[in-house]
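Report on one structure; see the data block that follows.
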Amino acid sequence: METTGRLGERGVAAAAQGMPADARRSVDGYLMAAFPWYGLDEAFTGPRWLLQVGAAADGIVEYGSTGHGEEPSLKVETDMDQQHFTVVVTVASRPGRDSADGTGKLEATTVSSAAWLAGSGLLSCTWPTRMERALRQDWLDQQTAIAWELADDLEGESWSQLSLPVDGVPTDFHYRESEYGWVLAGTANEDVHIGAYGRGMSAYGLGFAVVKDIARYDGQDG
């Protein structure tokens, strides 16, 4: 991740924003990852869909998201209270290292990285659509800064502990709720950290598992 930020994921998020939309959502990007993807386990029987992958400047995939339930919409006529979805963010676990071009240092990715990406992801699909256009960016900037601060303080009072199964093994997550939905983050194994966010679907009772066939999320048979 081309960044000198403390958590290392801001550069990846920025890089993903610069990718073509169809490339971000294409299954091809997911297939290029050198780490396993996570989604909800087989107890979830609803729709599954792709969101985006984030890659570093050298093209190495660093994170991506898988969606479950109804794809959220920011259309003005959409009632956010009627939306039901859970998004799972998989973040590659990386140590601190030199950047690909040798011009800087890349910070290690941590559980906070997953918490930040999940928090900012929730904001991106639940911000008040009826707010005056002139105020939207100010609101988004303010809420994004808050999400960053919260992700950097996982032991703070804003977070509680929630144990959920990951590949059948009880795993501790940092969890918080807001008026926009919920966010959680934890470590799946030595390869990846997991973040998740949702609205209209309770986090309690969810389970996560390695995605055996990512093409399933792309509406393909593999």
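For this structure, a couple of remarks:
- Check on Gln52, open to solvent by less than 20 Å² (accessible area, probe 1.4 Å), polar (S, T, N, Q) and modelled with pLDDT under 95: no
Okay, residues lined up against (1) open to solvent by less than 70 Å² (accessible area, probe 1.4 Å); (2) farther than 13 Å from Val88 by Cα:
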{"position": "Asp172", "(1), (2)": "no, yes"}
{"position": "Gly186", "(1), (2)": "yes, no"}
{"position": "Lys212", "(1), (2)": "no, yes"}
{"position": "Ala215", "(1), (2)": "yes, yes"}
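- Identity of the residue in segment 200-210, surrounded by 15 or more Cβ atoms within 10 Å (Cβ to Cβ) and over 14 Å from the mean Cα position of the chain (by Cα), that ends up nearest to Glu179 (Cα to Cα): Gly200
- Matching residues in segment 134-156 - criterion: being over 22 Å from His193 (Cβ atoms) and of a type outside the set (S, T, N, Q): Ala134, Leu135, Arg136, Asp138, Trp139, Leu140, Asp141
- Selection from segment 176-196 of residues that are assigned to a loop (DSSP other than H, G, I, E, B), among the aliphatic types (A, V, I, L, M) and closer than 17 Å to Ser124 by Cβ: none
- Filter pass, Gly59 being part of a loop (DSSP other than H, G, I, E, B), at pLDDT 55 or above and either open to solvent by 70 Å² or more (accessible area, probe 1.4 Å) or on the phi > 0 side of the Ramachandran plot (or both): yes
The values are calculated or read from the model by the stated rules, or taken from the named source; none is laboratory data. What you see is a predicted model; the values in this text were computed from it and never measured. Methodologically, a virtual Cβ is constructed for each residue, glycine included, from the backbone with ideal geometry; neighbour enumeration extends over all protein chains shown. We work out accessible area using only protein heavy atoms, side chains counted, and drop any ligands, DNA or RNA first. Shrake-Rupley method; radii C 1.70, N 1.55, O 1.52, S 1.80 Å.
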